[in-house]
Amino acid sequence: MNSKISFRAAPSCADDSEPSLLTVVQARSRILDSVTPVTERQRLFLRDALDRVLATEIVSPINVPGHTNSAMDGYALSGNDLPESIPREYRVIGTAYAGAPCEGICESGECIRIMTGAPMPAGTDTVVMQEQTKASGDAQVVMLPGQRPGQNVRQAGEDIAAGNRVLEPGRRLTPADLGILSSLGIGEVSVYRRPRVAFFSTGDELRSIGETLNKGDVYDSNRYSLYGMLKRLDLDVFDLGVIPDKPEALRDAFQSAASMADLVITSGGVSVGEADYVKATLDALGQIGFWKISMKPGRPLAYGSLGKALFFGLPGNPVAVMVTFMQFVEPAIRYLASGQRWQPLVIKARATESIRKRPGRYEFQRGILSHSSDGTLLISGTGQQGSGILTSMSRANCFILLDEQNAGVSEGDLIDVQPF
Ligand code: AMP
Ligand code: MG
């Protein structure tokens, strides 16, 4: 939970009606500075721990692999006893399987038939792969020259040595991590509990699916795009529906959201219109930091705290909701969940067309990344970039990042892109 929330208001030189704009980077770092990560833990079986955040470090209790073993099917022998310039015949004195080691001791002129994963028998440190040999009788094999002592052998502990730190707390467990933990014989892990996130839409014009649209009404889409983005982050989510633009109704919704969640997200009602009550409600019930951020889309953002919960009042326009979520809420949620400062991947791609932009605001245009026949990453826009054009988000696979100073892009320029 977030007991000690402190954040500064917009810069003090601001006048009340038009606070000076915050940059995207400033807003993000102020938000992260005010988040206290979840500390409650729970123990989970390995399969249930996928995508959960590890709460303890994992130190390996064993070597992996546990024994020096063969990386190939072939014949094991001593590296001092390999064929020199011509093929040489050896006596095969036994067979070693992955599940059934060979107890024999290999002397000069001898070898042991060995399968992948079988522990190296006594007297051997080298494996000649089967394709480099030819059987020459029941218990005889001829090996070709050109072998290297020590080849085709996996050393005990070469992947993980006993006592090594394998995974750090704060790590979101991947499928590979589940594999590693099971290779250590660890069947249960301690993880942080999932953050709880409550969200609702605000607006008298919003209708839920199944309701009739009257003139001026729109279906509520933000709750669905928010649900999708939250679900991908593996959280406990509470969908509180649509709340009308009525101060009392908002007040009730704010209070019930704050009582159940670590983080509350609303959309709509944060501009300066007659029916925009989110800011005033947050001001009355919690602590407010109302920001105008120098970005497009998504300029107004209400951020603050509501009881013990963090609060994000996102703008109403469907693209602005997704952009502000991905730029501000997602880093906050990841920090809340793990205590780790996460940064999205940013790569460079070559513009296939010019892009108009004036210096001033940071623009998150929607783009489509592809590659040319020679493998160069190419970036093109999705067309109309209005903050109500939700199809631009659906068609996009990345943001085109045009920072405050950017004064437009020419075809062929290398520019920053944030893949989704
Ligand atoms: P607002 O910030 O409340 O003035 O909303 C800005 C624009 O976004 C208006 O055109 C709203 O109708 C639209 N809008 C707000 N919330 C939603 C929503 N949940 N789903 C779809 N459109 C919305
Ligand atoms: Mg509204």
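The values are calculated or read from the model by the stated rules, or taken from the named source; none is laboratory data. Being a predicted model, the structure only gives us computed values, none of them experimental. Using ideal geometry, Cβ is built from the backbone for each residue, glycine included, and neighbour counts are taken over all protein chains shown. Please note that ligands, DNA and RNA were not included when accessible areas were found on the heavy atoms of the full protein model with its side chains. Shrake-Rupley method; radii C 1.70, N 1.55, O 1.52, S 1.80 Å.
Answer yes or no as to whether ILE400 is open to solvent by less than 30 Å² (accessible area, probe 1.4 Å) and out of contact with any Leu (no Cβ under 7 Å at 6 or more places or on another chain). Against the criterion (open to solvent by less than 30 Å² (accessible area, probe 1.4 Å) and out of contact with any Leu (no Cβ under 7 Å at 6 or more places or on another chain)), ILE400 qualifies. From the list SER60, SER34, SER78, the lone residue that is open to solvent by less than 50 Å² (accessible area, probe 1.4 Å), assigned by TED's automatic domain parsing to the domain that holds GLY307 and of a type outside the set (Val, Ile, Thr) is SER34.
The condition (being of a type in the set (Val, Ile, Thr), within 13 Å of ligand 2 (Cβ to nearest atom) and over 16 Å from ASP204 (Cα atoms)) is satisfied by just one residue among VAL321, VAL270: VAL321. State whether the residues of the stretch 140-162 include one that is within 26 Å of ALA337 (Cβ to Cβ), among the charged types (D, E, K, R) and not assigned by TED's automatic domain parsing to the domain that holds PRO87. No; the residues of the stretch 140-162 include none that is within 26 Å of ALA337 (Cβ to Cβ), among the charged types (D, E, K, R) and not assigned by TED's automatic domain parsing to the domain that holds PRO87.
Within the stretch 167-186, being touching a helix residue (DSSP H, G or I) at 6+ places or on another chain (Cβ under 9 Å), open to solvent by 40 Å² or more (accessible area, probe 1.4 Å) and not polar (S, T, N, Q) holds for PRO169, ARG171, ARG172. Using the structure shown, decide if SER380 is open to solvent by 50 Å² or more (accessible area, probe 1.4 Å) and part of a strand (DSSP E or B). Answer is no for this residue. Among the residues of the stretch 316-360, those that are farther than 14 Å from ASP262 by Cα, in contact (Cβ under 8 Å) with a residue 40 or more places away in the chain and open to solvent by less than 10 Å² (accessible area, probe 1.4 Å) comprise VAL319, ALA320, VAL321, VAL323, PHE325, GLN327, PHE328, PRO331, ALA349, ALA351. Within the stretch 174-221, take every residue that is of a type in the set (S, T, N, Q) and outside any loop (DSSP other than H, G, I, E, B) and give me the one that is farthest from ligand 1 (Cβ to nearest atom). If we take residues in the stretch 174-221 being of a type in the set (S, T, N, Q) and outside any loop (DSSP other than H, G, I, E, B), then SER183 is farthest from ligand 1 (Cβ to nearest atom).
For the stretch 249-299, name all the residues that are acidic (Asp, Glu), open to solvent by 40 Å² or more (accessible area, probe 1.4 Å) and away from ligand 1 (no atom under 14 Å from the Cβ).
Once the filter is applied, which keeps residues that are acidic (Asp, Glu), open to solvent by 40 Å² or more (accessible area, probe 1.4 Å) and away from ligand 1 (no atom under 14 Å from the Cβ), the stretch 249-299 yields ASP252, ASP283.
Filtered by the rule that a residue be in a strand (DSSP E or B) and over 19 Å from GLU89 (Cα atoms), the stretch 99-137 gives PRO119, ALA122.
Checking each residue in the stretch 192-245 for being at positive phi and either crowded, with 19+ Cβ neighbours inside 10 Å or of a type in the set (Gly, Ala, Ser) (or both) picks out GLY203, GLY210, GLY216, GLY241. Among the residues of the stretch 300-314, the ones that are within 13 Å of ligand 1 (Cβ to nearest atom) and open to solvent by 10 Å² or more (accessible area, probe 1.4 Å) come to 1 in all. I'd like to know if the stretch 185-207 contains one or more residues that are free of Cβ contacts under 8 Å to residues at least 12 places away in the same chain and not small (Gly, Ala, Ser). No.
Only one entry of ALA55, ALA71 meets the criterion of being closer than 30 Å to ASP177 by Cα, open to solvent by 20 Å² or more (accessible area, probe 1.4 Å) and touching a residue at least 60 places away in the same chain (Cβ under 8 Å), and that entry is ALA71.
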